[in-house]
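The values are calculated or read from the model by the stated rules, or taken from the named source; none is laboratory data. Predicted model only: the values in this text are computed from it and were never measured. A quick note on method: Cβ atoms are made from the backbone with ideal geometry, for glycine too, and the neighbour counts reach across all protein chains shown.
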């Protein structure tokens, strides 16, 4: 018999959205009745610790975030989890999770549901970000768009005719595997994709440290590019590779917009302007290019939407929660 909290679309309590990233795990607690976000938390992701240790830490963090919102763990009604890599969303199973050691063929939905005794939604992080942007962000009125997630890795959440596109192998949108030139074919990359190694956040910061001797964020790289020729060259390379990525997405899918999110997208207009200049020269029909309205929290909002949908689809779609 299912637990009562798994079956009753209760109008009280909270749901929690979780974004498990390559460097941090973030949580967002949302009130079911009002749609108000009532607490947030984050902790470092221990990528080499394995799934069991990370999930135990996650369950503790979920309870802690709920208490931080002035609620009790028993108020939890549903959980949504965004995970990097390939995810079978229908089964709630992680096929493989990017840089997370041991996260292969992992029945995440069943494990988390059994541990927390609530319905659980599991989705790829870029797809979750696209859901979040469609629900509460820049894509509310869009039915065909791509969310380009630029963090530790690179992924794309694809919304086609109003629906997420997962692909035959549940691997659609793995843009980090794009090959960015003939010279990169057949190279050993230690399990990483070519584009990921060129424009992933750690790669950019590592190159910036070599150039400047300082730990710079991607936003700082673009800000300082006006006064440093070496940083200007780095910023130019990043913009070139991202422009090629957007051009390929646009040529294949003709989306209304490509929305940039994740840590790298925090560079904002200095990055977007460089990319737009390259698009105009290559595409006859240019999609709108914009930064995420939800910033680094897009995945969290998508996970919250998924948790509400698991609990009661009518609640997830309520106008006042959009």
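For the stretch 115-145, the set of residues classified as out of contact with any strand residue (DSSP E or B) (no Cβ under 9 Å at 6 or more places or on another chain) and either more than 18 Å from residue 317 (Cβ to Cβ) or in a strand (DSSP E or B) (or both) consists of 115 only. Taking residue 173 as the residue in question, decide whether it is in a loop (DSSP other than H, G, I, E, B) and buried (at least 20 other Cβ atoms within 10 Å of the Cβ). Against the criterion (in a loop (DSSP other than H, G, I, E, B) and buried (at least 20 other Cβ atoms within 10 Å of the Cβ)), residue 173 qualifies. Exactly one residue among 267, 316, 288, 303 is crowded, with 16+ Cβ neighbours inside 10 Å and touching a strand residue (DSSP E or B) at 6+ places or on another chain (Cβ under 6 Å), and that residue is 303. What do you reckon, is residue 84 assigned by TED's automatic domain parsing to the domain that holds residue 315, exposed (fewer than 15 other Cβ atoms within 10 Å of the Cβ) and within 19 Å of the chain's Cα centre (by Cα)? Considered against the rule, which asks whether it is assigned by TED's automatic domain parsing to the domain that holds residue 315, exposed (fewer than 15 other Cβ atoms within 10 Å of the Cβ) and within 19 Å of the chain's Cα centre (by Cα), residue 84 comes out as no.
Would you confirm whether or not the stretch 219-230 contains a residue that is touching a residue at least 24 places away in the same chain (Cβ under 8 Å) and more than 29 Å from residue 127 (Cβ to Cβ)? Yes: the stretch 219-230 contains one or more residues that are touching a residue at least 24 places away in the same chain (Cβ under 8 Å) and more than 29 Å from residue 127 (Cβ to Cβ).
Taking residue 216 as meeting all but one of (1) closer than 16 Å to residue 152 by Cβ; (2) part of a loop (DSSP other than H, G, I, E, B), write down the number of the exception. So residue 216 meets the others, but not (1). Would you call residue 208 in contact (Cβ under 8 Å) with a residue 24 or more places away in the chain and surrounded by 11 or more Cβ atoms within 10 Å (Cβ to Cβ)? So residue 208 fits the description; yes. Taking each residue of the stretch 45-70 that is within 24 Å of residue 96 (Cβ to Cβ) and looking for partners that are part of a helix (DSSP H, G or I) and modelled with pLDDT under 95 with beta-carbon atoms closer than 7 Å, six or more apart or interchain, yields 45/54; 46/53; 46/54. Criterion applied to 129, 61 was being at pLDDT 95 or above and out of contact with any helix residue (DSSP H, G or I) (no Cβ under 9 Å at 6 or more places or on another chain), and the one residue passing it is 61. Scanning the stretch 100-114 for residues that are in a strand (DSSP E or B) and crowded, with 22+ Cβ neighbours inside 10 Å yields a single hit, 106. When each of 163, 183 is tested for being farther than 18 Å from residue 254 by Cα and surrounded by fewer than 24 Cβ atoms within 10 Å (Cβ to Cβ), the lone residue that passes is 183. In the stretch 187-205, which residues are surrounded by 20 or more Cβ atoms within 10 Å (Cβ to Cβ) and not in a helix (DSSP H, G or I)? Hits for the stretch 187-205 are 193, 200.
Take the conditions (1) more than 16 Å from residue 117 (Cα to Cα); (2) free of Cβ contacts under 8 Å to residues at least 24 places away in the same chain; (3) in contact with a helix residue (DSSP H, G or I) (Cβ under 6 Å, 6 or more places away or on another chain); residue 36 misses just one of them, which is (3). Within the option set 298, 267, being modelled with pLDDT under 90 and under 19 Å from the mean Cα position of the chain (by Cα) holds for one residue only, 267. The conditions of being in the same structural domain as residue 159 (by TED's automatic domain parsing) and either buried (at least 16 other Cβ atoms within 10 Å of the Cβ) or not in a helix (DSSP H, G or I) (or both) are not met by residue 252.
From the list 242, 234, 272, the one residue that fits, being out of contact with any helix residue (DSSP H, G or I) (no Cβ under 6 Å at 6 or more places or on another chain) and closer than 21 Å to residue 178 by Cα, is 272. Evaluate the following for residue 281: is it more than 24 Å from residue 151 (Cα to Cα), surrounded by fewer than 18 Cβ atoms within 10 Å (Cβ to Cβ) and at pLDDT below 95? So residue 281 passes the test.
When the test is whether a residue is farther than 20 Å from residue 82 by Cα and touching a residue at least 40 places away in the same chain (Cβ under 8 Å), residue 185 does not pass it.
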